[in-house]
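**Q** Questions regarding the structure given below will be posed in turn.
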Amino acid sequence: MRRTYILSLILFALVFIPAVFSQGQDETSRTVAGGGVTVPGWAGKVDAREASQGMTLNSAKFAKEGDALHIVTGPAVTYWNPANKGSGDYTVTAHFSEPKFMNLNTHPHPYGVMIAGNDLGTDQQSYLYCAAYGDGKFIVRGFGPAPFQMNGRGAPDPAVNKAAAVGQPVEQEIAMSVKGDKVSCSINKKEVWAATKADLVTTGKLKSTDGVYGLRSAHNTEVFVTGLKMSKN
């Protein structure tokens, strides 16, 4: 009897748990009604994998509502205004408000700040971004032009705010800085990650830490962004 019970548990672990995990990770990107980029001067690009599935910028929404930039995805997408550039030592900061945590998805998805953008909108683009999840995790990733990861699949940090529950609001302040030989990400005013320029400006990653800055949202998210700015360090 005990042997049968143990075999049943093993079967459950091997079959059902991976199936549930895969379902979450393979969540289908939806198409947003009334999508497109409607903020003057801004542009964007959906991830290549999303584009191969027929997704375009019109599948997501980037609009101005009062003082906020309202982003609703759709496909995973990066937005920028080519006039917004950082060079030398600088910090890019923005405040993110997710009105309803996990309202559009089956597992937490991130959003954040992008810097060091070069050749944006082309198949040779490179950039770095730091993004927060409403469950207390963050990621630092980029494209160069293939995707690369700087902290694996992400890491938790006490500085990252957590939503009280699914459907509840959560807010984050995210900043990316370049100072001397150091590139870092701070969330809610605490440094959560740092690397040297040599770790980043290399084959398959960034062309330079100088470049355009902007915003990054994973698929099936909604966020309001205020206070996007660049300051010199």
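The values are calculated or read from the model by the stated rules, or taken from the named source; none is laboratory data. Because the structure is predicted, anything quoted here is derived from the model rather than measured. In this analysis, Cβ positions are derived from the backbone assuming ideal geometry, glycine residues included, and neighbour counts consider all displayed protein chains. Remember, those area values only see protein heavy atoms, side chains included, never the ligands or the DNA or RNA. Shrake-Rupley method; radii C 1.70, N 1.55, O 1.52, S 1.80 Å.
**Q** If I model a spin label at Asp119 and Ala146 as a point 7 Å from the Cα along the Cα→Cβ vector, what separation in nanometres do I get?
**A** If labels sit at Asp119 and Ala146, their model points lie 1.4 nm apart.
**Q** To continue, here is another question. From the phi of every residue in segment 194-205, what ³J(HN,Hα) in whole Hz does the Karplus formula 6.51 cos²θ - 1.76 cosθ + 1.60 yield, where θ is phi - 60° and glycine or proline is x?
**A** These are the phi-based 3J(HN,Hα) values: 7, 8, 8, 4, 4, 6, 10, 8, 7, 4, x, 10 Hz.
**Q** Taking the Cα centre as origin and putting +1 on Lys and Arg beta-carbons and -1 on Asp and Glu beta-carbons, what dipole magnitude results for segment 41-144, to the nearest 20 debye?
**A** For segment 41-144, the charge dipole is close to 100 debye.
**Q** In addition: What share of the DSSP beta bridges in the chain is antiparallel, in percent to the nearest 5?
**A** 95
**Q** When the chain is fully extended, how far beyond the present Cα-Cα distance does Val166 get from Glu27, taking 0.36 nm per residue of separation?
**A** Between Val166 and Glu27, full extension yields an extra 48.3 nm.
**Q** Using a 7 Å offset from the Cα along the Cα-to-Cβ direction at both Thr226 and Thr38, what is the distance between the two label points in nm, to one decimal?
**A** If labels sit at Thr226 and Thr38, their model points lie 2.0 nm apart.
**Q** In square angstrom, rounded to the nearest 10, how much accessible surface does Leu57 have for a 1.4 Å probe?
**A** Per-residue accessible area (Leu57): approximately 50 Å².
**Q** Give me the dipole magnitude in Debye, nearest 20, for the chain about the Cα centre, with unit charges on the beta carbon: positive for Lys and Arg, negative for Asp and Glu. Spell out each step's value before the answer.
**A** Values: 23 positive and 19 negative charges, 75 e Å.
Here the chain has a charge dipole of around 360 debye.
**Q** Also: Among all the lysines, which ones have a C-alpha under 19 Å from Lys190's C-alpha, if same-chain residues fewer than 8 places away are not counted?
**A** Cα-Cα hits under 19 Å: Lys137, Lys162, Lys179, Lys182, Lys229, Lys232.
**Q** Sticking with this structure for a sec: Report the label-to-label distance for Asp89 and Glu65 in nanometres (one decimal), using points 7 Å from each Cα along the Cα→Cβ vector.
**A** Result for the modelled spin labels: 3.9 nm.
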